[in-house]
Amino acid sequence: MEYKCLICRGEVKPFISFGRMPIANAFLSPDQYKNEHFFMLETGFCTGCSMVQLTQLVDPDLLFHADYAYFSSISVRMAEHFKQWADAARATYASSNDNFVVEIGSNDGIMLQHFAKAGVKHLGIEPSANVAEAARKKGINTRVCFFNEKTAKEIVVEYGQADLVTGANVICHIPDLHALASGLEALLKPKGVFQFQEPYLGDIVTKVSYDQIYDEHVYYFCLQSLQKFFNGHGMEIIDLEPQDVHGGSMRYVVARKGARPVQPSVKEWWAREEALGLSKFSTYQQLAKKIEASRDQLLALLKQMKSKGLRVAGYGATSKSTTVTNYCGITPDLVEFISDTTPGKQGKFSPGVHIPVVPYEKFKTAKPDRALLFAWNHGHEIVANERAYVQGGGRFIVYVPAVKEVEGV
Ligand code: SAH
Ligand code: TYD
Ligand code: ZN
């Protein structure tokens, strides 16, 4: 099977297949098992433009809807992260209340609330109606739709052009990136900037964090592939800065070509990515071998726990955990339940392998011997909250960057 790049139509060479996979965020009840949607999760490298991407996509309407499971504000640490970002972005790019700020994928308003509170003219674009409603309740102006060229043009007609457009953990979700870029070309003022932040391919490669690969993440971005893409649309990345969230992210600043000075960070990161080999197929062939080894080690460790009679529970019913459980073959006989603080996930079962998802309180009372840390990206926050669990003899199992049992992260 030959795959064509979603961006340049060049050849995409697959390097890892995770097999048949359910929708990562589709926690479900037993009566829904018979209609569960599956697709082939496979990742490839484009020999034309070097963009790493999924070879097969799930219809976005099946992913983002009125029952979307992910509420951004569930994490205290992420709330703090977005406050800092919003404050810095306001000071640099939108210091006057007449400035217009648009956020793509504004979810429950975790970022935009800071602009709204300060009285800045703003708009959130959010296709999942339930999370958009949570944002509206906080007084955040939100439109329920997908961001693309058409909706961008409608925004310009209604509100005028924007000084700042932001996005977090959403741009890699958008299959038609050309429609995103055309939308930005229409929406941004001549000196306007687009600031966005996504899981960073360099971290996936160095940490073997393969659980970032799931249906919503169509693309795995780095500077080199993104710079080529934006250049094709008369824009350029003028600055980038790593962020210690979601297991390693990168924040990029994009402007129209020549509109703003290019910062030294661009040259520095380009050289780092050269050294890491992010534009070479062989890098991903090596990554695939490491992913397979990680899967074998994790499954072996869980089987060993079972043979010793130790009880294992999952910590955090993340989207990422759907890739891990289904790819490694982690079934309810190996992991009894997954505890999660999100009310909408509780009482349901995890996609594909159908492990029960229970309220966090159950973790406290059931006292499993081991907690498989599916929410490893929130590890510091979780370990700080779970001192008593460790003092009582509990241990965490982690698999990023390596499979091991630990007391803390
Ligand atoms: N920005 C938030 C939410 C990330 S989850 C955060 O970082 O925590 C991704 C969000 O993007 C979801 O709320 C989803 O509904 C939304 N989304 C998906 N495709 C989109 C598109 N084309 N335009 C705007 N939002 C989109
Ligand atoms: P997250 O890792 O942010 O995202 P993704 O779904 O993109 O992989 O998901 C965090 C999940 O973990 C969310 O469902 C809430 C849950 N969680 C807890 O149960 N307890 C906690 O202390 C934290 C921080 C998260
Ligand atoms: Zn390509």
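Any read-out appearing in this document is the output of simple, stated calculations on the displayed coordinates, not a laboratory observation. This structure is a prediction, so every number in the text was calculated from the model and none was measured. All Cβ positions, glycine included, derive from the backbone under ideal geometry; neighbour counts span all protein chains shown.
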Worksheet item: Under the Karplus relation 6.51 cos²θ - 1.76 cosθ + 1.60, θ = phi - 60°, what is the ordered set of whole-Hz ³J(HN,Hα) values for the range 97-111, x standing for Gly and Pro?
Response: 5, 7, 5, 10, 10, 10, 10, 8, x, 6, 6, 8, x, 3, 9
Item to complete: Extending each Cα 7 Å along its Cβ direction at Phe281 and Arg260, get the distance between those two points in nm, one decimal.
Response: 3.7 nm
Item to complete: Scan the chain and report its longest stretch carrying no trypsin sites (Lys or Arg not before Pro) that are both in a DSSP loop and have at most 16 other Cβ atoms within 10 Å.
Response: 10-137
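I need the shape label for the range 110-264. Rule: rounded when a/c is under 1.5, else prolate if a/b > b/c, else oblate, with a, b, c from the alpha carbon gyration tensor.
Details: a/c = 1.63, a/b = 1.19, b/c = 1.36.
Judged from the Cα gyration tensor, the range 110-264 comes out oblate (a/c at least 1.5, b/c at or above a/b).
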Practice prompt. Any chance you could tell me what percent of the C-alpha pair distances in the range 151-221 go past 17 Å?
Written response: 51 percent
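Taking the Cα centre of the chain as origin, sum charge times position over the Cβ atoms of Lys and Arg (+1) and Asp and Glu (-1), and report the length of that vector in debye to the nearest 20.
Details: 44 positive and 44 negative charges, 111 e Å.
Approximately 540 debye in magnitude.
Looking at the square roots a ≥ b ≥ c of the eigenvalues of the Cα gyration tensor of the range 272-346, which shape do they give, rounded for a/c under 1.5, prolate if a/b is larger than b/c, or oblate?
Working: a/c = 3.43, a/b = 1.68, b/c = 2.04.
It is oblate, given that a/c is not under 1.5 and a/b is not larger than b/c.
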Discussion item. 7 Å from Cα along Cα→Cβ at both Tyr33 and Glu80: what's the point-to-point distance in nm?
Written reply: 4.2 nm
Worksheet item: Order of Asp215, Asp31, Asp176, Asp239 from fewest to most other C-beta atoms within 10 Å?
Response: Asp31, Asp176, Asp239, Asp215
Fill in: Isolated Cys in the chain, by beta carbon distance under 4.7 Å
Cys145, Cys172, Cys222, Cys328
Worksheet, complete the sentence: Inter-part gap, Cα centre of the range 304-325 to Cα centre of the range 15-32, in whole angstrom, is 16 Å
Fill in: Paired Rg and Dmax values of the chain, which use every Cα atom, in angstrom
21.1, 65
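What ranking of Leu310, Leu177 emerges when the number of other C-beta atoms within 10 Å of each C-beta is taken as an exposure proxy, fewest first? Don't jump to the answer; show the numbers that get you there.
Numbers: Leu310 13, Leu177 21.
Result, fewest neighbours first: Leu310, Leu177.
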Fill in: Inter-centroid distance (Cα atoms) of the range 202-237 relative to the range 44-68, Å
12 Å
Worksheet item: If the chain between Glu2 and Lys150 were fully stretched, how many nm would it gain, using 0.36 nm times the residue separation less the Cα-Cα distance?
Response: 50.2 nm
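Using unit Cβ charges (K, R positive; D, E negative) and no other charged atoms, how large, in debye to the nearest 20, is the dipole of the range 254-333 about its Cα centre? Write down the numbers at each step before the final one.
Details: 14 positive and 6 negative charges, 35 e Å.
Using only the charged Cβ atoms, the result is roughly 160 debye.
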Worksheet item: What nm distance separates the two modelled labels at Val406 and Lys13, each placed 7 Å from Cα along Cα→Cβ?
Response: 3.4 nm
Practice prompt. Considering Cα pairs under 8 angstrom that are at least six residues apart, work out the relative contact order of the chain and quote it in whole percent.
Written response: 15 percent
Worksheet, complete the sentence: Expressed in angstrom and rounded, the centroid-to-centroid distance over alpha carbons for the range 145-199 and the range 241-256 is 17 Å
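With a ≥ b ≥ c taken as the square roots of the eigenvalues of the C-alpha gyration tensor of the range 231-324, please select rounded if a/c is under 1.5 and otherwise prolate if a/b is larger than b/c or oblate if it is not? Don't skip to the end; give the middle numbers.
On the way: a/c = 3.71, a/b = 2.34, b/c = 1.59.
It comes out prolate by the Cα gyration axes.
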Response to the item:
For the range 280-378, percent of DSSP beta bridges that are antiparallel (nearest 5) comes out at 10 percent
Worksheet item: For q = 0.19, 0.21, 0.33 Å⁻¹, what log10 I(q)/I(0) does the range 339-381 give under the Debye formula with an equal point scatterer on each alpha carbon and no solvent?
Response: -0.65, -0.79, -1.21
Worksheet, complete the sentence: From fewest to most C-beta neighbours within 10 Å, the residues His178, His380 line up as His380, His178
